[in-house]
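Taking it in order: structure first as structure tokens, then the write-up.
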Amino acid sequence: MFQSSLNYKADKKSIGFVPTMGALHKGHLSLVRKAMDQNDIVVTSIFVNPIQFNDPGDYENYPNTMEKDLALLEELGCDIVFCPSRESFYQEQPKSGFGFGNLDHVMEGANRPGHFNGVAIVVSKLFHSVLPDRAYFGLKDLQQFLVIERLNKDLGFGVEIVGCPTVREESGLAFSSRNLRLSKEGLENGLILSSTLSLVVQKILAGKRVKEVLTDARVMVAQNNNVSLEYLEIGDMVDLSPVSKFKNGSRYAVCGAIWVEDVRLIDNLIFEFP
Ligand code: AMP
């Protein structure tokens, strides 16, 4: 725990917290800006959390632009940057296991075993260290956001969890630290994910049937030799359960993961069924 967090609390100053794994881009910075708008003090953490990577190669190749990140945060006016060492967080391998119901069994949960357990452990440790009033998470990682909301309720952290919209390049590609690992062609090929998600939403809103829309969209992505599709699904906004019939006025998300040049990209679009 920061001594300063307790001091800020004693002074009745609110603390906004933005957890990141660094290699900061405009998506991260939008979270920091929102936190600055809503709080007296803003803490951003930079920590590449080893226990949330189910693929060791992804962890080893995770981009690190620490000097640039610190300069960006200073320029923006972020008050505190918290960079815990791996040793300070994991003196030994954690043994606790969290369960998040359906969220463990669909989409990211199904394709990245142990991922959300690692996320839940690190976010718990970060919350204990920073003692935030509000914490900011991107809806780009919608399933992670739903997991954190659940964790916060179940463990009684009492933090206000704020979901922030996905920030995109003009092309529609969602900003992601992993984009740094893509070539120019890779970035162009990656666009198929956001364009397919948009098409799915258009068709659903036009009244087409879920099953057919998803099948057509999966075939369309599979026809592109430069990417491979891991999943493309529509889920509800509670725990991403599959949807067979939409309810008027309810919100849903179409979510997908693809591989491009050995890099895994995820994205989603949230929509309301009219
Ligand atoms: P990461 O460093 O990838 O763990 O992301 C840190 C936070 O930034 C998470 O809450 C992400 O959901 C959020 N984030 C990542 N990319 C974007 C984006 N393109 N737009 C908005 N938030 C994002």
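The values are calculated or read from the model by the stated rules, or taken from the named source; none is laboratory data. Computed from a prediction, not measured in an experiment: that's the story for all the values here. Quick reminder, even Gly has a Cβ in these numbers, built from the backbone with ideal geometry, and neighbours come from all protein chains shown. We work out accessible area using only protein heavy atoms, side chains counted, and drop any ligands, DNA or RNA first. Shrake-Rupley method; radii C 1.70, N 1.55, O 1.52, S 1.80 Å.
Yes or no: VAL200 β-branched (Val, Ile, Thr) and either surrounded by fewer than 14 Cβ atoms within 10 Å (Cβ to Cβ) or in the same structural domain as ALA35 (by TED's automatic domain parsing) (or both)?
Numbers: β-branched (Val, Ile, Thr): yes; either surrounded by fewer than 14 Cβ atoms within 10 Å (Cβ to Cβ) or in the same structural domain as ALA35 (by TED's automatic domain parsing) (or both): no.
No.
Going by what's in this entry, would ARG178 be described as within 27 Å of ASP58 (Cα to Cα) and open to solvent by 60 Å² or more (accessible area, probe 1.4 Å)?
Details: within 27 Å of ASP58 (Cα to Cα): yes; open to solvent by 60 Å² or more (accessible area, probe 1.4 Å): no.
No.
Could you look through the stretch 20-30, keep only residues that are over 21 Å from HIS128 (Cβ atoms) and surrounded by fewer than 23 Cβ atoms within 10 Å (Cβ to Cβ), and pick out the one that is farthest from the ligand (Cβ to nearest atom)?
Narrowing the stretch 20-30 to residues over 21 Å from HIS128 (Cβ atoms): 23-30.
Then drop every residue that is not surrounded by fewer than 23 Cβ atoms within 10 Å (Cβ to Cβ), which leaves 23, 25-27, 29-30.
Numbers: ALA23: 7, HIS25: 7, LYS26: 7, GLY27: 2, LEU29: 9, SER30: 6 Å.
If we take residues in the stretch 20-30 being over 21 Å from HIS128 (Cβ atoms) and surrounded by fewer than 23 Cβ atoms within 10 Å (Cβ to Cβ), then LEU29 is farthest from the ligand (Cβ to nearest atom).
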**Fill in**
Selection from the stretch 234-245 of residues over 17 Å from the mean Cα position of the chain (by Cα) and in contact (Cβ under 8 Å) with a residue 60 or more places away in the chain yields SER241, PRO242
**Prompt:** Which of the residues that make up the stretch 246-263 are touching a residue at least 24 places away in the same chain (Cβ under 8 Å), on the phi < 0 side of the Ramachandran plot and open to solvent by 40 Å² or more (accessible area, probe 1.4 Å)?
**Reply:** LYS247, ASN248, TRP259
**Request:** Could you look through the stretch 227-245, keep only residues that are over 25 Å from ILE148 (Cβ atoms) and surrounded by fewer than 14 Cβ atoms within 10 Å (Cβ to Cβ), and pick out the one that is modelled with the highest pLDDT?
**Result:** SER228
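Name every residue in the stretch 56-66 that is open to solvent by 60 Å² or more (accessible area, probe 1.4 Å) and either of a type outside the set (A, V, I, L, M, F, W, C) or under 18 Å from the mean Cα position of the chain (by Cα) (or both), in order of residue number.
Let us first name the residues in the stretch 56-66 that are open to solvent by 60 Å² or more (accessible area, probe 1.4 Å), namely 56, 59-61, 64, 66.
If the condition is that a residue be open to solvent by 60 Å² or more (accessible area, probe 1.4 Å) and either of a type outside the set (A, V, I, L, M, F, W, C) or under 18 Å from the mean Cα position of the chain (by Cα) (or both), then PRO56, TYR59, GLU60, ASN61, ASN64 are the ones that fit.
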**Request:** Residue by residue through the stretch 265-274, note down the ones that are open to solvent by 40 Å² or more (accessible area, probe 1.4 Å) and under 19 Å from LYS140 (Cβ atoms).
**Result:** LEU269, ILE270, GLU272
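Listed here are the residues, each with its yes/no results for (1) closer than 25 Å to VAL263 by Cα; (2) surrounded by 15 or more Cβ atoms within 10 Å (Cβ to Cβ); (3) within 16 Å of the ligand (Cβ to nearest atom).
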{"position": "LYS68", "(1), (2), (3)": "yes, no, yes"}
{"position": "GLY77", "(1), (2), (3)": "no, no, no"}
{"position": "SER88", "(1), (2), (3)": "no, no, no"}
{"position": "GLY99", "(1), (2), (3)": "no, no, no"}
{"position": "SER129", "(1), (2), (3)": "no, yes, no"}
{"position": "ARG150", "(1), (2), (3)": "no, yes, yes"}
**Residue tally, condition part of a helix (DSSP H, G or I) and open to solvent by less than 30 Å² (accessible area, probe 1.4 Å), over the stretch 31-48** = 3
**Prompt:** List pairs: first in the stretch 81-104 and modelled with pLDDT of 95 or more, second open to solvent by 60 Å² or more (accessible area, probe 1.4 Å), Cβ under 6 Å, 6+ apart or cross-chain?
**Reply:** PHE89/LYS125; PHE100/ARG150
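Is it true that some residue in the stretch 138-155 is closer than 25 Å to ASP236 by Cα and not in a helix (DSSP H, G or I)? Before you say what the answer is, go through the steps one by one.
Here is the first cut: in the stretch 138-155, the ones closer than 25 Å to ASP236 by Cα are 138-155.
Applying the additional criterion that residues be not in a helix (DSSP H, G or I) yields 138.
Checked against the condition, which is being closer than 25 Å to ASP236 by Cα and not in a helix (DSSP H, G or I), the stretch 138-155 yields at least one hit.
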**Pair list, Cβ under 7 Å, 6 or more apart: the stretch 155-168 residue more than 14 Å from the ligand (Cβ to nearest atom), other residue open to solvent by less than 70 Å² (accessible area, probe 1.4 Å)** = LEU155/SER124; PHE157/PHE127; GLU160/ASP133; GLU160/ARG134
**Asked** Out of all the residues in the stretch 5-19, is one or more open to solvent by 40 Å² or more (accessible area, probe 1.4 Å), within 21 Å of VAL122 (Cα to Cα) and not small (Gly, Ala, Ser)?
**Response** yes
